[in-house]
Amino acid sequence: MNSIKGLLIASLSALSFNAYAGLMGVSEIVIKNSINKWIQISEVQATETGTGNDLALSSAGATATGSGNWSATSSPDKAIDGAGPLDYPFMYHSDGKGPSEFLKIVLGSPSELDSLSIFGRTGCCSSRDVFDVYLYNDKQELLFSGTKYSAYNPQHMVTIDLPDTDIPEPVSIGLMVLGLAGLGLARRKKA
């Protein structure tokens, strides 16, 4: 009977708190330059909640496109090849500068992410590595945006901790109903 009371108390307390998880449903990552310079990204890592796996890899099913390539060797797929932070030409480098320039990464499937890391250029010109980030779901609805993330530092990278998704109250109510059903079944067995 004590375990049944514990289940009921846990179910009722679930009503007063929402559950949290990483940012859920991320399908697309768009990165732009905050200071209207060229985009130069050597690697992007999208860390999956719970596993720590990098989902922004071509080997994980991700694809990358950009607004244009500075050269044939500086294509968008360099930012998702897993080769790590490298310098030009082993990175994505846009062919122009300004607000229309972008790197877009489409994940293999909608995913739950804890963080996003962007590695800039390790050689010259790393003062350009200041990014705006936009994360979308598979319906092109904006899930998260942030501006002026700087990778202009000795590590040539910036990590963005993503907000938790607030799981709506109906989940908590469902847990309470299950707890009450369990209480009812236990009473039936006892009788």
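Rule-based calculations on the coordinates, nothing more; no lab input. This one's a predicted model, so the numbers in the text were calculated from it and none came from an experiment. Because the Cβ atoms are built from the backbone with ideal geometry, glycine has one as well, and the counts that use them run over all protein chains shown.
Evaluated with a Cβ-only charge set (Lys, Arg +1; Asp, Glu -1), the stretch 47-109 carries a dipole of roughly 120 debye about its Cα centre, given to the nearest 20. Judged by the ratio a/c of the largest to the smallest principal axis of the C-alpha gyration tensor, the stretch 89-153 counts as prolate, that ratio being 1.5 or greater while a/b is larger than b/c. What the Cβ-Cβ distance of residue 141 and residue 115 gives, at R0 = 22 Å and to the nearest 0.05, is a FRET efficiency of 0.60.
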